[in-house]
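Notes for the one structure printed next.
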Amino acid sequence: MNELALIAVPLLFAALALVWPRERTRSWLLPAAGGLHVASSLWLLVFSPALEPGAWFGFDPLARAVLPMISLLFFVCSIYAVAYLKVRQERRNRLFVFALLVLLGLLSLAVQAQNLGLLWVAAEAATLMTVPLIHFNGTARAFEASWKYLLIGGTGIALSLLGSFCLGYASLNAGGSGDLSFHALAGQFVHLTGDYAVKSHPWVIAAWVLLLAGYGTKMGLAPMHTWKPDVYGEAPGIVGALLAGGTTTMAFVAVLRVKQVVDAAGDSEMTQRTLLAFGLFSMLVAALFLLSTPDFKRMLAYSSVEHMGILAVGAALGGLGIWAALFHVWTNSLTKGALFLSAGNIRRAAGTRNVSEVSGMAWCAPLSARLFVTGLFAITACPPFGPFFSELLIVRAAFTAHANFTAAAFLGCLLFAFFGLTRLVFAVVDGRPHTAARTTARRFRETAGVILPPLAFLGCSAWIGLATPALLSQAWSAAVQLLVSKP
Amino acid sequence: MTNTLNLFIGLAMGLNLLALASSRLPSVIRAAALQGMVLGILPLLLEHEFQWLVGVVAVGTIAVKGFVIPHLLRRALRAANIDREVKPLIGFVPSLLLGAAATIGAVALGGVLPLLAGQAGSLLVPGSFATVVGGFLMLMGRAKAISQVCGYLILENGIYLFGLLLINSTPLLVEAGILLDLTVAVFVIGIIMDRIQKEFDSLDTNKLTTLRE
């Protein structure tokens, strides 16, 4: 029942947002829905129900390992959203609030989906729901970003649909009845022999290539990452945080579920190699672009590409690696939340995002600048924040798997990303404020509503790193158990 | 049965090339619409006995792909007051040649991949791959937003063709969801196109160059 509530509550609140008559109070629907969502997903984390066989969706171990994070992310962002929409009263917020709530419902559905077709429908609908969020600001640049997002994201989604069909056809070729649930597919492929295996194998490989390209586009793995800088640069901070922490996580879950099926068909070496190649390439591309981009919101997008690469590398390294990747999903998403929200504050105080025009933010917006710098150290894996521990575990997994080159390349990319990120962040924070920024900064007030949410994210990041709750470690172990065990 | 089916699929493959070779936007839209209608008929040919759900999907596909979407695109065309693709990134002759090469490649590839017993000899797989590549070529090679949308439609048509391989076995619920998502996708694309037209006073995506490194 609670599983359904995770999907239905946000959708009900979304419908309510559409008919809500008052522009000013509508934004309070966000924390209301977010609070209920957090409560029910934490309830399910503690008292997780057994998955009914044949269910289309359910709170299985993998959903249990990531969905509470998405709830938490949304809830904290929704508190920020109330303060944000209060200072942005010149824009109508009906569509924005509606789309945010529907996005939450669809993410909950996609993460819980136990069926390849249902996963695709939810992922595609989530992609479409993001579009009104991106062009909330209504500028020409925002429409350009929406257009690129639609074309690239749409193509990616089309490829994943083709991949889903290929996997379904592989199952038909293996004598299946066309049941597209992950459990049935994996169970069917694992026992294949003779003619059935010969006839389905080419389709399994085609499916993996297409599905990885498709859901990899949603995740933002290089070279399919090109929509990310545009979108994260133009969208409001909360949308960036939800995309970088929520939508990408959903796509990562999709990749893990598909990988489980393809692994069952005996292709685990292929899936690991491709994931490793995409992961390291993403980290490299992100590190190089981080060294050159002049825009501090686009910087966050490249940082997100880098961390998607880290997740892919983790997923390629077997059991311990997947555990570390799930850990990293939490630490990265929560830390990114702090960075996006504080970057949004700085953007509003400065009036622009280009490093050549922004400096001295430590004077104009002192609290946000402090949060931004702390977030920088957290995301570049400085202790005591979460990303340090999760990335350390991935390096350990690489050494355990005797992948010394991988570990070296991984650490090298992290180092370059660190250079790129610190260069930009300190250019923004240090120095003397520009004259124009002094007037915009006077209008910007650092209220509790825009400071406490990023602070909460940083607190969560440090807490999960220093004292990982046993409940969460158990949830991640159970998810790894599900993903690596042969059905 | 297979012969009629292959005739229709061959027609869809020909329409790909027509769309790739044409510089006039109305004829590109017409080719994509006609292709969508041809594909809408196919599920009826594949079924041995009439099922009402398949009928609904077929009628829905023909209505959406053949009439609703082309109508929206033509309206956008009139609003933007454009008629032809002027400076494509990939020229018309090269894209036609690439499309033809992709068609040959798809037929060759389709011969290698194993098919189910009942579907041997059908052009579904080659037709699907050729259409997907044709759609990609249009998506990448054209500068006008409307041509890119047509490319996306052709890409979707290719995937739809592949989906027909599974029509007997997957629940139609999924197919209905897919159709719904596609419709909404095109509506959203249409709205954004409208805003771009108003904001930039053009539907030329070459003007969308503010965002880059």
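The values are calculated or read from the model by the stated rules, or taken from the named source; none is laboratory data. Note that this is a predicted model, so its numbers are computed, not measured. So basically every Cβ, Gly included, is an ideal-geometry build from the backbone, and we count neighbours across all protein chains shown.
Residue A:156 passes all but one of (1) within 26 Å of residue B:157 (Cα to Cα); (2) touching a Leu at 6+ places or on another chain (Cβ under 9 Å); which number fails?
Every listed condition holds for residue A:156 apart from (2).
Looking only at region A:164-200, which residues are touching a helix residue (DSSP H, G or I) at 6+ places or on another chain (Cβ under 8 Å), within 11 Å of chain B (Cβ to nearest Cβ) and either charged (D, E, K, R) or surrounded by fewer than 16 Cβ atoms within 10 Å (Cβ to Cβ) (or both)?
A:175, A:178, A:179, A:199
Out of curiosity, is residue A:315 over 24 Å from residue A:370 (Cα atoms) and buried (at least 24 other Cβ atoms within 10 Å of the Cβ)?
Working: over 24 Å from residue A:370 (Cα atoms): yes; buried (at least 24 other Cβ atoms within 10 Å of the Cβ): yes.
Here the answer is yes, as residue A:315 does meet what is asked.
To keep it simple, each residue is scored yes or no on (1) hydrophobic (A, V, I, L, M, F, W, C); (2) in a helix (DSSP H, G or I).
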residue	(1), (2)
A:15	yes, yes
A:22	no, no
A:27	no, yes
A:39	yes, yes
A:62	yes, yes
A:69	yes, yes
A:72	yes, yes
A:78	no, yes
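Given the conditions (1) buried (at least 22 other Cβ atoms within 10 Å of the Cβ); (2) out of contact with any Lys or Arg (no Cβ under 7 Å at 6 or more places or on another chain), report the number of the one that residue A:234 does not fulfil.
Condition (2) is where residue A:234 drops out.
From the set of residues in region A:263-308 that are β-branched (Val, Ile, Thr) and surrounded by fewer than 24 Cβ atoms within 10 Å (Cβ to Cβ), which is nearest to the chain's Cα centre (by Cα)? Steps first, answer last, please.
Step one: list which residues in region A:263-308 are β-branched (Val, Ile, Thr), which gives A:271, A:274, A:285, A:293, A:305.
Narrowing the set further to residues that are surrounded by fewer than 24 Cβ atoms within 10 Å (Cβ to Cβ) leaves A:271, A:274, A:285, A:293.
Details: A:271: 21, A:274: 20, A:285: 18, A:293: 22 Å.
So, considering only residues that are β-branched (Val, Ile, Thr) and surrounded by fewer than 24 Cβ atoms within 10 Å (Cβ to Cβ), the one nearest to the chain's Cα centre (by Cα) is A:285.
May I ask you to list the residues in region A:232-265 that are under 14 Å from residue A:484 (Cβ atoms) and of a type in the set (Gly, Ala, Ser)? Before you say what the answer is, go through the steps one by one.
Initial filter on region A:232-265 (under 14 Å from residue A:484 (Cβ atoms)): A:256-257, A:259-264.
Listed by number, the list holds a single entry, A:264.
How do the helices (runs of 4 or more DSSP H) wholly within region A:182-292 filter down when requiring 2 or more residues that are under 30 Å from residue A:104 (Cβ atoms) and without any contact (Cβ under 8 Å) to a residue 12 or more places away in the chain: which remain?
In region A:182-292, no matching helices (runs of 4 or more DSSP H) lie anywhere.
Residues of region B:72-128 being hydroxyl-bearing (Ser, Thr, Tyr) and modelled with pLDDT under 85, which ones?
Of region B:72-128, the ones hydroxyl-bearing (Ser, Thr, Tyr) are B:95, B:103, B:122, B:128.
Listed by number, the list holds a single entry, B:122.
For residue A:204, indicate whether it is within 14 Å of another protein chain (Cβ to nearest Cβ), of a type in the set (Val, Ile, Thr) and either crowded, with 21+ Cβ neighbours inside 10 Å or farther than 28 Å from residue A:70 by Cα (or both). Give the steps one after another, and end with the answer.
Numbers: within 14 Å of another protein chain (Cβ to nearest Cβ): yes; of a type in the set (Val, Ile, Thr): yes; either crowded, with 21+ Cβ neighbours inside 10 Å or farther than 28 Å from residue A:70 by Cα (or both): yes.
Taking the combined requirement at face value, the residue satisfies it.
If you go through region A:234-254 one residue at a time, do you hit one that is within 14 Å of another protein chain (Cβ to nearest Cβ) and of a type outside the set (D, E, K, R)? Lay out the reasoning, then the answer.
Step one: list which residues in region A:234-254 are within 14 Å of another protein chain (Cβ to nearest Cβ), which gives A:234-235.
So of that shortlist, the ones also of a type outside the set (D, E, K, R) come out as A:235.
Scanning region A:234-254, I find at least one residue that is within 14 Å of another protein chain (Cβ to nearest Cβ) and of a type outside the set (D, E, K, R), so the answer is yes.
Of the conditions (1) farther than 27 Å from residue A:135 by Cα; (2) in contact with a Phe, Trp or Tyr (Cβ under 6 Å, 6 or more places away or on another chain); (3) at pLDDT below 95; (4) not acidic (Asp, Glu), residue A:197 satisfies every one except a single condition; which number is it?
So the condition that residue A:197 fails would be (2).
Restricted to region A:120-147, and to residues that are under 23 Å from residue A:109 (Cα atoms) and of a type in the set (S, T, N, Q), which residue is farthest from the other protein chains (Cβ to nearest Cβ)? Reasoning before the result, please.
As a first pass, look at region A:120-147 and keep what is under 23 Å from residue A:109 (Cα atoms): A:120-134.
Those left that are additionally of a type in the set (S, T, N, Q): A:127, A:130.
Numbers: A:127: 8, A:130: 10 Å.
Top of the filtered list is A:130.
Filter region A:341-353 down to the residues that are among the hydroxyl-bearing types (Ser, Thr, Tyr) and part of a helix (DSSP H, G or I) and list them by number.
Restricting attention to region A:341-353, the residues satisfying the condition of being among the hydroxyl-bearing types (Ser, Thr, Tyr) are A:342, A:352.
Of everything in region A:341-353, just one residue is among the hydroxyl-bearing types (Ser, Thr, Tyr) and part of a helix (DSSP H, G or I), namely A:342.
Can you tell me which of A:101, A:109, A:118 is surrounded by fewer than 24 Cβ atoms within 10 Å (Cβ to Cβ) and touching a helix residue (DSSP H, G or I) at 6+ places or on another chain (Cβ under 8 Å)?
Details: A:101 fails: surrounded by fewer than 24 Cβ atoms within 10 Å (Cβ to Cβ); A:109 fails: surrounded by fewer than 24 Cβ atoms within 10 Å (Cβ to Cβ).
Result of the check over A:101, A:109, A:118: A:118.
Which is in contact with a helix residue (DSSP H, G or I) (Cβ under 7 Å, 6 or more places away or on another chain) and either in contact (Cβ under 8 Å) with a residue 40 or more places away in the chain or more than 10 Å from chain B (Cβ to nearest Cβ) (or both), of A:161, A:150? First the steps, then the outcome.
Details: A:150 fails: either in contact (Cβ under 8 Å) with a residue 40 or more places away in the chain or more than 10 Å from chain B (Cβ to nearest Cβ) (or both).
Going through A:161, A:150 in turn, just one is in contact with a helix residue (DSSP H, G or I) (Cβ under 7 Å, 6 or more places away or on another chain) and either in contact (Cβ under 8 Å) with a residue 40 or more places away in the chain or more than 10 Å from chain B (Cβ to nearest Cβ) (or both): A:161.
At pLDDT 85 or above and surrounded by 18 or more Cβ atoms within 10 Å (Cβ to Cβ): does that describe residue A:161? Show your work before the answer.
Numbers: at pLDDT 85 or above: yes; surrounded by 18 or more Cβ atoms within 10 Å (Cβ to Cβ): yes.
Yes, satisfied.
Among the listed residues B:168, B:206, which satisfies the condition of being away from chain A (no Cβ under 11 Å), at pLDDT below 75 and either in contact with a helix residue (DSSP H, G or I) (Cβ under 8 Å, 6 or more places away or on another chain) or surrounded by fewer than 22 Cβ atoms within 10 Å (Cβ to Cβ) (or both)? Please lay out each step first, then the result.
Values: B:168 fails: away from chain A (no Cβ under 11 Å).
Unique residue meeting the criteria: B:206.
Counting only residues that are touching a Ser or Thr at 6+ places or on another chain (Cβ under 9 Å) and of a type outside the set (A, V, I, L, M, F, W, C), which one in region B:112-126 is farthest from the other protein chains (Cβ to nearest Cβ)?
B:121
Among (1) crowded, with 24+ Cβ neighbours inside 10 Å; (2) in contact with a His (Cβ under 8 Å, 6 or more places away or on another chain), where does residue A:331 come up short?
Evaluating residue A:331 over (1) crowded, with 24+ Cβ neighbours inside 10 Å; (2) in contact with a His (Cβ under 8 Å, 6 or more places away or on another chain) leaves (2) as the failure.
Kindly indicate whether residue A:62 is on the phi < 0 side of the Ramachandran plot, at the interface with chain B (Cβ under 9 Å from one of its Cβ atoms) and either without any contact (Cβ under 8 Å) to a residue 60 or more places away in the chain or in contact with a helix residue (DSSP H, G or I) (Cβ under 6 Å, 6 or more places away or on another chain) (or both).
Numbers: on the phi < 0 side of the Ramachandran plot: yes; at the interface with chain B (Cβ under 9 Å from one of its Cβ atoms): no; either without any contact (Cβ under 8 Å) to a residue 60 or more places away in the chain or in contact with a helix residue (DSSP H, G or I) (Cβ under 6 Å, 6 or more places away or on another chain) (or both): yes.
It is false that residue A:62 is on the phi < 0 side of the Ramachandran plot, at the interface with chain B (Cβ under 9 Å from one of its Cβ atoms) and either without any contact (Cβ under 8 Å) to a residue 60 or more places away in the chain or in contact with a helix residue (DSSP H, G or I) (Cβ under 6 Å, 6 or more places away or on another chain) (or both).
Evaluate the following for residue B:46: is it touching a helix residue (DSSP H, G or I) at 6+ places or on another chain (Cβ under 8 Å) and within 22 Å of residue B:149 (Cα to Cα)?
Values: touching a helix residue (DSSP H, G or I) at 6+ places or on another chain (Cβ under 8 Å): yes; within 22 Å of residue B:149 (Cα to Cα): no.
No: the conditions fail for residue B:46.
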